[in-house]
Amino acid sequence: MIKPSPDTWRTLRRGMAGHDVAAWQAVLKLPADGQFGTATDAQTRLFQVSHGLKGDGVVGLATRAAIDPALFAPSAEPVLGGGLPPIRFVQAKFWRWQNRAAVDWIVLHSAEVWEKPSSAEAVAAYFLNPPVAASAHYVVDCDSIVQCVKTEHIADHCGHGNERSIGIEQAGYAKQSEAEWLDAYGQQMLSLVSKLVSREARQWNIPLVKLMPSDIIAGKRGICGHVDINAAFPNNTGHTDPGIHYPWDVLLEMAKAA
């Protein structure tokens, strides 16, 4: 995969807050409240010392690399011409062995994280030890894809739809406008997502059509959002991603052309 340059990683320290802090807290097995306070600082120092690092409480690339050097260390791997970049596999904690012979839906999510070149890697790190059962088959940002669960097995990404689907998390938020999904970052990410969707659809013989909840209930196969799965299955998770402004027409047009 393409790795972000070191200056795209936010260096974390006491007093900071955000989704990246919450992801780091999950690695430390702390409550993931997103606030880098006294407890997070103390546990960070213990983590650093236990991994032979200076216990200064500052979370930079050296500290992150102690989780998985191949995931967090910079890399010079190129994008494959005209296709997908090399896809790094980082096994999520929560998944179920199934060896499936068929998949009916490709379910797209918004990961509810900032749009940065490091977002896919950060979400993959979160899936290593999340506070609740959560995972996805793939995570995508503007320049890289990380696979967290093999597609023949089941990821914990959409409740009652898990057993019949492949889940793809995308950097961004469900609240985004269409313009925000289609800004420069979004177009780069959608280029990767569309190629990934196209590849998985071919592999699993899934039609490149957008499904409504009624289609899912009727047993049709295709592409949908987490929100559509929730509407089709009563008492599901309640998520609304990837949001009402997600550019489905653009995504499907690109996937068909890939």
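Here are the numbers for the structure shown:
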read-out: Full-stretch length increase - I244, A62 - with 0.36 nm per residue and alpha-carbon distance subtracted; value: 61.6 nm
read-out: Cβ charges +1 (Lys, Arg) and -1 (Asp, Glu), total dipole of the range 6-72, debye; value: 140
read-out: Violating pairs (Cα-Cα greater than 25 angstrom) within the set K220/K256; K116/K220; K29/K195; K93/K210; K150/K175; value: K116/K220; K29/K195; K93/K210; K150/K175
read-out: Estimated inter-spin distance, E163 and T237, nm [label 7 Å along Cα→Cβ]; value: 1.7
read-out: Equivalent ellipsoid dimensions for the range 6-72 as semi-axes, Å, which come from the Cα gyration tensor, largest first; value: 16, 14, 11
read-out: Over the chain: Kirkwood hydrodynamic radius from C-alpha pairwise inverse distances, Å; value: 18.7
read-out: Amide H within-cut-off set for R14, under 5 Å, with H built and near neighbours excluded; value: none
read-out: Protection-proxy order for peptides 203-215, 99-111, each taking the mean of Cβ atoms within 10 Å per residue, highest first; value: 99-111, 203-215
read-out: Förster radius 22 Å - calculated FRET efficiency between D33 and V132 (Cβ-Cβ, nearest 0.05); value: 0.95
read-out: Using θ = phi - 60° and Karplus 6.51 cos²θ - 1.76 cosθ + 1.60, couplings along the range 15-24 (whole Hz; Gly, Pro as x); value: x, 8, 8, x, 5, 5, 5, 4, 4, 5
read-out: At most 13 other Cβ within 10 Å, DSSP loop - trypsin sites (Lys or Arg not before Pro), the range 140-199; value: K175
read-out: Residue-wise HN-Hα coupling along the range 42-47, computed from phi with Karplus coefficients 6.51, -1.76, 1.60 (Hz; x: Gly, Pro); value: 5, 5, 4, 4, 5, 4
read-out: For the range 118-144 and the range 28-68, distance of Cα centres in Å; value: 19
read-out: Separation of the W114 and K256 label points, Cα + 7 Å toward Cβ, nm; value: 3.7
read-out: Angle in degrees between helix 248-257 and the longest Cα principal axis of the chain, rounded to the nearest 10; value: 80
read-out: Theoretical ellipticity at 222 nm over the chain - DSSP helices of four or more residues, -39500 (n - 2.57) apiece, nearest 500; value: -9500 deg cm²/dmol
read-out: Nearest-0.05 FRET efficiency for Q203 and R45, computed from C-beta distance (R0 45 Å); value: 0.50
read-out: Estimated dipole of the chain in Debye, rounded to 20 [Cβ of Lys and Arg +1, of Asp and Glu -1, Cα centre]; value: 640
read-out: Derived scalar couplings ³J(HN,Hα) [the range 29-39; Karplus, 6.51 cos²θ - 1.76 cosθ + 1.60; whole Hz; x for Gly, Pro]; value: 6, 10, x, 8, 8, x, 10, 7, x, 4, 5
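The numbers here are math on the coordinates, done by the rules we state, and not lab data. As the structure is a prediction and not an experimental result, all values here were calculated from the model. Cβ sites come from the backbone with ideal geometry, for glycine too, and all protein chains shown count toward neighbours.
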